[in-house]
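So the structure is just underneath, and the comments pick up after that.
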Amino acid sequence: MLVGGGLACVAAAVAGRRSWLVATLFAAALACAAVDAFGGSSWFHTAAGALGFAGAVTMVLERLGKPLTLSWLDFVMGGCAVGALSATTGAELGATLGASGVAAALGLARWRVSVPLAVALVGLIALGELPWLSAVPLAVAVWLREPPATPSPEFNPIVLAALLAYATSAMVLLVVGQFVSLPADAATLATVTMLTGMARAGLTVVDRLKHSHYQAVTDDLTGLGNRRQLLDALREAIAADDQEVALLLIDLDGFKELNDTLGHHAGDEVLRQIGPRLEEALEPGDTLARLGGDEFAVVLAPGDETSASATGLRLRSSLERSFSVGGIRVHIDASIGIALFPEHAQDALGLLQRADVAMYEAKRTRTGHEVYLPARDTHSRRRLELLGELRDGLAGGELILHYQPKAEIATGEVRGVEALVRWVHPRRGLLMPSDFLPLADHSGLGRSLTAFVLDRALVEIGERRADGFDLSVAVNLSPADLLDLGLPSEVARTLERHAFPASCLRLEVSEDAVMADPERSLEVLRELRAIGVATALDDFGSGHVSLGHLKHLGVDEIKIDRSFVMRLSEDARDAAIVHTTVDLGRRLGMRVVAEGVETADAWDTLAGLRCDEAQGFFLGRPMTATALAGWMRDRAAAA
């Protein structure tokens with residue numbers, strides 16, 4: 001029977017059911033058991049157990065791969081503990097080896113037992129007690145297919161229970177050994193069990209500490225280093241002697257719009273894809289980290305302006321290929337700010353702040369990447385301070401509205417005004433929109449700011465209308481507003497709340513805001529017109545709206561950018577652009593408003609071109625609602 005079992009093991013190897021190594025070890029174990037059964041030396045019995053044990057261990061290694069150090073300690077601990085107990089009971093060497101081998105193999109496998117391994121362990125136990133019975137399970141084990149291995153759980157209660165049982169049994173044996181005589185090999189194995197358990201406990205603590213440190217310096221979403229790791233790498237690079245260091249701060253352009261449109265899960269998927277792209281563009285030794293949100297950073301050590309600029313170009317180039325999100329191809333660009341040590345800052349936080357300044361400059365100028373320049377830092381420091389104060393200012397009533405009149409060029413009659421927000425800052429005085437509107441858009445306050453301006457404008461111009469002035473009011477929309485499909489219903493509720501005619505409200509959008517997501521913008525604009533609100537394309541000629549988009553936008557009014565109007569009488573090219581724009585607007589059925597009219601000559605020229613309305617200092621500067629009422633009365637009296 002034993003010989004037949006050995007031949008079955010060899011046949012399994014020939015048939016490709018099991019590796020030659022495992023089949024040979026089991027076949028050799030059965031052969032030794034057969035020699036022992038025919039009266040051979042007792043060492044053949046021991047050899048059979050040892051070879052069977054080696055076969056079981058090989059099965060574990062082939063299925064699960066290279067074990068962890070802790071698994072080898074479990075292997076030693078289980079084998080020694082069971083061996084000590086077996087030796088204490090006076091079991092024969094073969095039986096002891098079989099029982100120890102089973103416990104050791106289970107420890108090495110972390111108690112993840114497949115059916116073939118379980119059958120093999122049954123055969124291993126039989127080799128120690130009833131060798132002739134081992135032929136069947138060992139032969140069956142080599143013929144069974146191993147299922148794919150599953151990942152080991154981080155915490156396995158069975159492993160913990162087994163380790164506690166091994167340690168307890170070893171401790172009991174050593175305590176009992178103080179009062180009664182134990183076999184020397186049992187005492188030795190129990191001692192090894194305790195020492196191994198202590199080593200395992202120490203390694204477990206070290207492993208937990210390493211894991212905790214890894215989590216502390218790693219971004220969960222991308223697997224890259226986080227802000228803490230970046231600062232540590234930056235400080236270490238700065239501490240090195242005679243070494244220039246470059247820090248690149250990367251901010252993704254249009255990422256907020258992606259989140260708003262497709263959802264945060266889509267944004268997370270893009271971030272996971274961006275990490276490997278950026279890593280491909282870096283050299284060995286460069287440090288890449290995600291600071292949070294859509295911001296990444298790279299440390300080059302050593303690194304100068306030339307190498308940092310070259311790296312910035314490679315990083316942006318790596319993002320040119322589109323990203324796949326839920327079957328949709330999306331494109332993401334980036335703005336990169338560069339700061340250098342020791343030229344720009346002497347510490348890690350200083351470098352990070354300087355890189356942030358440069359990054360916002362790159363975003364503002366749309367140059368892709370910018371190196372920090374001290375001349376730009378005053379404005380940027382002020383911007384960063386304002387960013388923290390803007391939310392409080394909006395909630396605290398520090399924002400007010402001024403109104404700039406618009407007049408019919410043909411008659412001079414003022415029929416509308418544009419609402420322009422101002423910030424009465426408690427320390428800096430009156431701040432213009434250019435000082436804080438970009439901050440509102442970037443920080444997510446754009447929608448709240450629009451809601452405030454709309455509400456206040458309807459109240460104040462509603463009061464002027466109640467005073468007898470037939471005025472409409474224009475309110476500017478932020479880029480975030482055009483991405484909000486709920487904006488039209490919100491505007492309708494605000495109009496109803498203040499009993500303000502929808503026909504007397506005009507909402508202005510910039511070309512860049514429209515082009516951020518043309519399809520979504522078109523839908524929002526259509527819904528606004530459906531509730532009776534007129535729409536205007538602001539600063540026409542300064543952005544990226546094509547004539548094709550202009551045709552489909554369906555706006556009621558286009559406003560010629562002031563840069564073309566201010567030199568209308570002096571520059572023939574500006575005059576040609578204004579003339580063409582007025583003619584285009586009239587042919588498309590849109591009213592045309594000229595901004596930046598500051599002289600009588602410009603007014604007269606626009607009148608000759610049959611432009612509909614004018615707005616600028618020549619007519620009137622922006623003023624409060626109260627001042628507007630007095631200005632209107634004075635103008636009516638002068639007429």
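The values are calculated or read from the model by the stated rules, or taken from the named source; none is laboratory data. These numbers were taken from a predicted model, which means no experiment stands behind them. Positions of Cβ are generated from backbone atoms using ideal geometry, with glycine treated the same way; all protein chains shown enter the neighbour counts.
Residues that are at pLDDT 85 or above, touching a strand residue (DSSP E or B) at 6+ places or on another chain (Cβ under 9 Å) and in the same structural domain as V417 (by TED's automatic domain parsing) are absent from the stretch 540-554 altogether. What about T411, is it within 30 Å of F341 (Cβ to Cβ) and part of a loop (DSSP other than H, G, I, E, B)? No: the conditions fail for T411.
Residues that are among the small types (G, A, S) and under 19 Å from L68 (Cβ atoms) were ranked within the stretch 168-203; the one that is surrounded by the fewest Cβ atoms within 10 Å (Cβ to Cβ) is G202. For the stretch 423-447, the candidate set comprises residues that are under 34 Å from the mean Cα position of the chain (by Cα), among the small types (G, A, S) and surrounded by fewer than 17 Cβ atoms within 10 Å (Cβ to Cβ); within that set, the residue that is farthest from F255 (Cα to Cα) is S434. Considering R316, R366, which residue is closer than 15 Å to A281 by Cα and basic (K, R)? Matching residue, one of R316, R366: R316.
Screening S324 with (1) out of contact with any His (no Cβ under 9 Å at 6 or more places or on another chain); (2) hydroxyl-bearing (S, T, Y); (3) in a helix (DSSP H, G or I) gives one miss only, at (3). The set of residues in the stretch 618-639 being under 23 Å from L537 (Cβ atoms) and out of contact with any strand residue (DSSP E or B) (no Cβ under 9 Å at 6 or more places or on another chain) consists of F618 alone. Just one of the numbered conditions (1) crowded, with 16+ Cβ neighbours inside 10 Å; (2) within 20 Å of Y360 (Cβ to Cβ); (3) touching a residue at least 60 places away in the same chain (Cβ under 8 Å) is not true of L262: (2).
Out of everything in the stretch 283-296 that is among the hydrophobic types (A, V, I, L, M, F, W, C) and in contact with a Lys or Arg (Cβ under 8 Å, 6 or more places away or on another chain), what residue ends up being farthest from D220 (Cα to Cα)?
This residue is F296.
Somewhere in the stretch 491-498, is a residue small (G, A, S), more than 33 Å from the chain's Cα centre (by Cα) and surrounded by fewer than 16 Cβ atoms within 10 Å (Cβ to Cβ)? No; the residues of the stretch 491-498 include none that is small (G, A, S), more than 33 Å from the chain's Cα centre (by Cα) and surrounded by fewer than 16 Cβ atoms within 10 Å (Cβ to Cβ). Restricting attention to the stretch 237-259 and to residues that are under 13 Å from F341 (Cβ atoms) and touching a strand residue (DSSP E or B) at 6+ places or on another chain (Cβ under 9 Å), the residue that is surrounded by the most Cβ atoms within 10 Å (Cβ to Cβ) turns out to be L247. Highlighted here are the helices (runs of 4 or more DSSP H) found entirely within the stretch 52-162 that include at least 2 residues which are under 18 Å from L30 (Cβ atoms): 93-108, 115-129, 135-143.
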